[in-house]
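Student: Before we start, here is the structure in question, set down as structure tokens.
The values are calculated or read from the model by the stated rules, or taken from the named source; none is laboratory data. Everything numeric in this text was worked out from a predicted model, so none of it was measured. Reconstructed Cβ throughout: ideal geometry from the backbone, glycine too, with neighbour counts over all protein chains shown. What goes into the accessible areas is simple: the full protein's heavy atoms, side chains included, and nothing from ligands, DNA or RNA. Shrake-Rupley method; radii C 1.70, N 1.55, O 1.52, S 1.80 Å.
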Amino acid sequence: MRYAETGFNLEIDLSRGSIDKVPTDPRVTELHLGGLGTNAKILWDRVPPETAPFSEDNLLIFGTGLLCGTPAIGCNRTILSTISPQTLLMAFSMMGGFWAPELKYAGYDKVIVRGRSPDLVYLWIHNDTIEIRDASHLRGKGAVETSELIRRELKEPGAQVSAIGLAGENRVYFASVEQGRSSASRGGIGAVMGDKGLKAIAVRGTNDIHVARPDQFMDCCNQVLEYIQFRAENPIQGVPPILAGLGSPQEMAIHDEEWHTTNFAWGNARHRLKDYWTEEVEKKWTESLESVRKRFISCYNCPLKCGATIKAPGLPTYMMKCYSKLTYTMASMTDLDFGFKIAQRATEYGVDAFSAPQVMAFAVELYEAGILTDRDMAGMPSDNEGRFIWLLDRIVRREGIGDVLADGTHWAARRIGRGSEAYAHNNIKRHEQLPLKLGMLNPIYFLMYCTGEKMNITQIEGQFPQAPFAKREDREAFVKDWIQVPNEKFKQYFVDWEPRGENSIPFYPSIEATCEIVDWQEKMHYIDDTLGICAGLSSFPLKPPYHIHNLPALISSATGVEMDEAALSQVAKRNRTLVRSVNIARGMRRKDEKPPENHWKKRFPELESKLLDAYYQFKGWNRQGIPTRESLEELSLDYVVQEFLNMGIFDDTDGTPSKDIPSKE
Ligand code: SF4
């Protein structure tokens, strides 16, 4: 018997119209566990580096986390992986909600889609009954609307549906896959789904998932629940409210947005509005939020309720996605009422709420700079709210200038030219990053921004506080019950971290300590994405209920695969290295690993170079960021060694890709 996992994947070829239930190899589970790890293995094995995102040979993988469908608290993530049209690298984006557990109960760990359907279709998975169904009547429908229509058509109110909107159908490079209570937004995964002619996947499952040692497993789950309760009663002291509790990211419950509105850039990420947050704004925003927020909601098997349903006047109800509450508001330099209004439209269209607002703000800035003209923008209203709605409508339909902007700021700037590249200033590896413009270089964030292959800084950070507390005694108090640290020296790193002076950024933490901290933070994210645990309960917040010391027992008791901290760390490292190997084979090198020039005002080129050198070495990568032969062999990735030898990649020292990055089509 297989424990925690079902042991079967569904293979769908939309070109041939075939459906196959394929048993998986338990030895691969032992090496990679599941979720992101096994997704990366499949992409490595079956999608050659020359495969373009919009190719029938590109795969779109809906992979459940290994522990999804078990009683593990907050374990509900589907990890969607493919080759991104935006970055031309591997994209992996997580969605919560209820879809992953439902797929496990239907009897499958992953749905792997290849090919391209000539007509728009959707997939209906109901235990062993699987159909590819006509979706022509759903063309142009909103993503949330589609889910509802499919549930009615199937007469299955309990079906969980992942769907794309108009943006995915029109292959907008930042199109998302929406799931009603969550979405997989980064990397243009919805565009690949649209390219395949797949409007939605509906799932209903009624089978059981078995765990290997139920008593021990339930003990682990209960301890996690107890700790969640403890943290609810004991918020972290000395940090802004948004960082004091658990969840992802809890903002629908709080009104104090001083931290985001003060520290994050507005418009096209040029500047911050340091004095924006006043009592008057707080009162107004509180009224706005209270008037539209209908109820708090959770994902599958999670007590936190950090999402909320929103009903803006005259608009259908929708769920506000992570951080979307502020992205449209701040990009359009408007207020919260408008943010709630446009987010509903954007959710139905199915776009990423990180990229879409930045792309629209970029267009407005180009227009104001005279680079885009009245001819490009014929009919655009003069007010910011009107402009944003106008732009969004055109982008998702790829109409006029919308067709150019639909490729995201990096590719749009290349098409527009005339100096517009300077306005696409917030990108890393061709995708829009979180719009922050800060003062002093932070060495921890520098390495995370450079080397992260998840497309969002909030999906890399966590665990270690973002800034030192002002007083040493507060730092000492913080570390007293810091059980999550891998070992005691991390406590000392924090206690000795001063806001000013010798032990302050950019030269503190030391290069060595910075490497260890970044590696710890990233490792926890890779573990979550393998198991399907929500980062809001694990890798993202301070002092989470899941950590490196209690996860091995949870995994062992669920799966029967014996695991300790060292073995789990090795799996995380293997998965992380395999993701990097996919991208190295696709041409990614050191030259691609740099934060936006203006991300920090004060930069330190010599220190930055040393940090990158040291971190590459720490990770077992060479000076180009390529995993070395020795480190690959140590991780049982000998097949990567062979491929790198065939491609001449180990000889590559000057940063020039051995093979050209494939084109987008
Ligand atoms: S913490 Fe929030 S986002 Fe995460 S599983 Fe729970 S309800 Fe969902």
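Student: Give 272, 293 a once-over and let me know the one that is within 16 Å of the ligand (Cβ to nearest atom) and among the charged types (D, E, K, R).
Tutor: On the way: 272 fails: within 16 Å of the ligand (Cβ to nearest atom).
Testing whether each residue is within 16 Å of the ligand (Cβ to nearest atom) and among the charged types (D, E, K, R) leaves just 293.
Student: Select from segment 282-304 the residues that are free of Cβ contacts under 8 Å to residues at least 24 places away in the same chain and not hydroxyl-bearing (Ser, Thr, Tyr) and list them in ascending order.
Tutor: Residues satisfying the conditions are 283, 287, 290, 294, 295.
Student: Another one. If you take the residues of segment 477-513 that are of a type in the set (S, T, N, Q) and free of Cβ contacts under 8 Å to residues at least 60 places away in the same chain, which of them is least open to solvent (accessible area, probe 1.4 Å)?
Tutor: Taking the candidates together, the pick is 504.
Student: Working only within segment 238-271, note down all residues that are closer than 15 Å to residue 289 by Cβ, assigned to a loop (DSSP other than H, G, I, E, B) and either open to solvent by less than 30 Å² (accessible area, probe 1.4 Å) or not charged (D, E, K, R) (or both). Working first, answer last.
Tutor: So in segment 238-271, the residues closer than 15 Å to residue 289 by Cβ come out as 241-242, 249-258, 260-261.
Cutting the leftovers down to assigned to a loop (DSSP other than H, G, I, E, B) gives us 249-257.
Residues satisfying the conditions are 249, 250, 251, 252, 253, 254, 255, 257.
Student: Moving on to the next point. Which of the residues spanning segment 86-108 are more than 20 Å from the chain's Cα centre (by Cα), buried (at least 24 other Cβ atoms within 10 Å of the Cβ) and of a type outside the set (A, V, I, L, M, F, W, C)? Break it down into steps so the answer makes sense when it comes.
Tutor: The first filter runs over segment 86-108 and keeps only residues more than 20 Å from the chain's Cα centre (by Cα), leaving 102-108.
Now narrow it down to the ones that are buried (at least 24 other Cβ atoms within 10 Å of the Cβ): 102-104, 106, 108.
102, 104, 108 - these are the residues of segment 86-108 that are more than 20 Å from the chain's Cα centre (by Cα), buried (at least 24 other Cβ atoms within 10 Å of the Cβ) and of a type outside the set (A, V, I, L, M, F, W, C).
Student: Follow-up question, since we're still on this one. Which one is farthest from the ligand (Cβ to nearest atom) among residues in segment 534-551 that are open to solvent by less than 10 Å² (accessible area, probe 1.4 Å) and within 14 Å of residue 220 (Cα to Cα)?
Tutor: Checking each candidate, the answer is 548.
Student: For segment 73-99, give me each residue that is within 11 Å of the ligand (Cβ to nearest atom) and hydrophobic (A, V, I, L, M, F, W, C). Walk me through it before giving the result.
Tutor: Residues of segment 73-99 that are within 11 Å of the ligand (Cβ to nearest atom), as a first pass: 73-77, 94-98.
Those that are within 11 Å of the ligand (Cβ to nearest atom) and hydrophobic (A, V, I, L, M, F, W, C): 73, 75, 94, 95, 98.
Student: Counting just the residues of segment 296-338 that are in a helix (DSSP H, G or I) and small (Gly, Ala, Ser), which one comes out nearest to the ligand (Cβ to nearest atom)?
Tutor: Within segment 296-338, the match that is nearest to the ligand (Cβ to nearest atom) is 324.
Student: Show me the strands (runs of 3 or more DSSP E) entirely contained within segment 76-164 in which 3 or more residues are more than 16 Å from residue 62 (Cβ to Cβ).
Tutor: Output list reads 129-134.
Student: May I ask you to verify whether residue 67 is modelled with pLDDT of 95 or more and either part of a loop (DSSP other than H, G, I, E, B) or within 19 Å of the chain's Cα centre (by Cα) (or both)?
Tutor: For residue 67, the condition - modelled with pLDDT of 95 or more and either part of a loop (DSSP other than H, G, I, E, B) or within 19 Å of the chain's Cα centre (by Cα) (or both) - is met.
Student: Is segment 114-124 home to any residue that is open to solvent by 10 Å² or more (accessible area, probe 1.4 Å) and aromatic (Phe, Trp, Tyr)?
Tutor: Scanning segment 114-124 turns up at least one residue that is open to solvent by 10 Å² or more (accessible area, probe 1.4 Å) and aromatic (Phe, Trp, Tyr).
Student: In the list 139, 171, 133, which residue meets the criterion of being of a type in the set (Lys, Arg), within 19 Å of residue 356 (Cβ to Cβ) and surrounded by fewer than 24 Cβ atoms within 10 Å (Cβ to Cβ)?
Tutor: 171
Student: I need the helices (runs of 4 or more DSSP H) fully contained in segment 483-567, keeping only those with at least 1 residues that are closer than 22 Å to residue 471 by Cβ and within 23 Å of the chain's Cα centre (by Cα).
Tutor: It comes to 511-531.
Results for (1) closer than 20 Å to residue 24 by Cα; (2) not small (Gly, Ala, Ser), shown as yes or no for each residue.
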{"site": "81", "(1), (2)": "yes, no"}
{"site": "99", "(1), (2)": "no, yes"}
{"site": "102", "(1), (2)": "yes, yes"}
{"site": "116", "(1), (2)": "no, yes"}
{"site": "122", "(1), (2)": "no, yes"}
{"site": "128", "(1), (2)": "yes, yes"}
{"site": "145", "(1), (2)": "no, yes"}
